[in-house]
Structure formats: C-alpha cells, structure tokens
1. For residue 147, which lysines qualify as cross-link partners when the Cα separation must be under 20 Å and same-chain residues fewer than eight apart are set aside?
2. Viscosity 1.306 mPa s, temperature 10 °C: give me the Stokes-Einstein translational D for segment 167-208 in µm²/s, with Rh taken as the Kirkwood radius over C-alpha pairs.
3. Considering every Cα-Cα pair within segment 140-192, what fraction, in whole percent, is farther apart than 12 Å?
4. With charges set only on the Cβ (+1 for Lys and Arg, -1 for Asp and Glu), what does the dipole of segment 117-167 come to about its Cα centre, in debye to the nearest 20?
5. Note the per residue figure in Å³ for the convex hull of the C-alpha positions in segment 6-119.
6. Anything in the chain that counts as a DSSP H helix reaching 30 Å or more along its axis (C-alpha) with Kyte-Doolittle mean of at least -1.0? List them, would you?
7. State to the nearest 20 debye the size of the charge dipole of the chain about its Cα centre, where the only charges are +1 on K and R beta carbons and -1 on D and E beta carbons.
8. Could you state the per residue volume, in Å³, of the convex hull enclosing the Cα atoms of the chain?
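Every number here is computed from the coordinates shown, using simple stated rules; none is lab data. In this text the structure is predicted, and so the values were computed from the model without any measurement. Every residue, glycine as well, gets a Cβ built from its backbone with ideal geometry; the counts of neighbours run over all protein chains shown.
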Amino acid sequence: MKRDLISIADLSREQIETLFSLARRLKTDRREGLPHPYLTGKTLAMIFEKPSLRTRVTFEVGMTQLGGSVVYLAPPDIGLGTRETVPDVAQNLSRWVDIIMARTFAHHTVVELAQHATIPVINGLSDLLHPCQILADCLTLVEQRGKLDGLKVAFVGDGNNVVNSWINAASKFPFAFALACPAGYEPNAEVLARARQRGAQVTITQSVEEAVRDADAVYTDVWTSMGQEQESAIRREAFKSYQVNATVMAQAKKDALVMHCLPAHRGEEITVDVLEGPRSVVLDQSENRLHIQKAIMVWLLRQRRQSDGAQV
Ligand code: CP
Ligand code: NVA
C-alpha cells in the first residue's frame, strides 16, 4: 500500500518523531560530508501551480543529495486540470517516476493527485495546508527547546494554510497554539473542529497581547497569501495592528523565538529588526525544510519498498 503526505492530521505522533530522527540523521550526514544515497535511481516529479523558492530548491537539492533525480513541472508546462485532467496526470506520472510533490491552489487538486497516483504524493502547499513547512518548524523548535510538549506557540496574522497545519500539529503534540487574527480571518473551521476533538489546545483571539503572553515562539506569515493578490489592499488595512514588532515581542517570554515561514514582507507583518534580530530562527526553519523533506521522501519510499517485500 502506498502512503502520501497530504496533511499532518494523517500522521501519528510516533510517525512524526520517526521523521524528526531521520531528518536529524540526514542533517548530521550532510554537515559531516557523508554521502547518503538512499534514493539512488529514484525520480521526483515536482508540480507547481504557484511560485516557490524554498520548496522548489529544497526538494530538488534534497533528492539530488539522496542520489535521485528531479523533473520540475512549472505551471504552464502541463496545464494541470486544463490541458489534461488531474487523474490522467497522476496516472501517467505514476508510470515514469517514483514520487510526486505538488504545490496547488485548491487543496482538492493535491488530494485528487494522491487518489489517482499509484506512487506517494507530497503536499508542497495548498490553499488549505502547508505540512512540510510546519514539520520543519516543529523540528526547529525541538532543536531549540528540546521538545514541543508544554511550549506555547503564538501566531500573529492570518488564519491561513500555515496556521491550519499548526493546528493539526497541535493535535499531535501537547503544546498550546494561540492565534491572534482580525475577525473574518480565522482558520478553517473543519480543521479546527477536528483538531480540537483530538485534543489540540488552540486559542483564537483578536488580541495580539493575549496570544503572545508567555509565548515561547512568536510566528507570523504574509497577510496576503499566493492567489489572494486582489485582496491585498483590504488585507493591509485589516491586519495593520497585527504586526510582529519589538513591542509585541516584549509581551512574549524574554527568550521567545521569532519564526516566519518566508517569504517575508518587512514593514508589513514583521519589522526588519525583529525578523533579522538575535531571536530569529527563520533561516534555521528554512534550512530544516531540506532535512525534513529528505526524511519524508526516504520514509515514504521506504514504506513502499517494505510493503513490496524489499529491503531498504
Ligand atoms: N516557505 C515556503 O514554502 O517558501 P516558498 O514559497 O519559497 O517555497
Ligand atoms: N501563506 C503563504 C505561505 C507561503 C510559504 C502562502 O500561501 O502564500
């Protein structure tokens, strides 16, 4: 049976911890210059409906470091859902490559790819979720604080795909997640309800001060996500009192970390002094995208080989 990585909600805590330890091992190998060609001869197809720096480079470099190769499919290349249906793309790719990563607008598109592909599919961001990012962020927090359990993560800004994945992560580990957002910009109601049923400690407030009080990490993301560009003027107005700046950081724990998935808009959701200050771990988060995604690819393909009766 093939496995996909579409949402953190689909993983158990144990599986996430397996990914963390594999990522740490791969990170050490990389830093010590030890080759780790676990995916020699494997090919990753990357489908992008939206732009990317981190996701594209880390998946491509990661697969190369693992001994495999990559095919990059830019938005106009395949006309996903226009030139060819999503199931047809999934079934054709399954005959040529070993694993797919897709960044899509509609979440349904990446789900449909996974349903019709006979190979693993990884969600590289959809309008609803960004699981690889939050797995890298959680790994960063574990590196910085030793564990996730008992921490408080505050998010200031839009209840977007990044927030929805944080909420899913909070249903797997006992940390508190507090979101400060303006009315009308709350996270997905279904994701939230399901995560709360599974025990996630999530608070949603319009008060930035309340969300960041005693926080171990303060996280933010752009006010206007990819695909929402026509709303950017309205959003700039709605979010103007939801900026992470020195005053906000002073309300969190003294040693609170500053987190951002990037790209950042300096002077909008975050000030330059905070983004580039000593408490910022944004480049560690970015680096960890590489290590966690290598772990994800090895893990997904290893599961597949084990279920085929083969050894890794
Ligand atoms: N954080 C992130 O996913 O960055 P990109 O959009 O550049 O891939
Ligand atoms: N919420 C942002 C994340 C970018 C990595 C977006 O979807 O554009």
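1. Output for residue 147: 27, 172, 253, 254.
2. For the chosen part, D equals 152 µm²/s.
3. Cα-Cα pairs of segment 140-192 separated by over 12 Å account for 64 percent.
4. So the magnitude is around 180 debye.
5. 110 Å³
6. Helix filter hits for the chain: 282-307.
7. Computed about the Cα centre, the dipole is about 880 debye.
8. Each residue corresponds to 128 Å³ of Cα convex hull volume.
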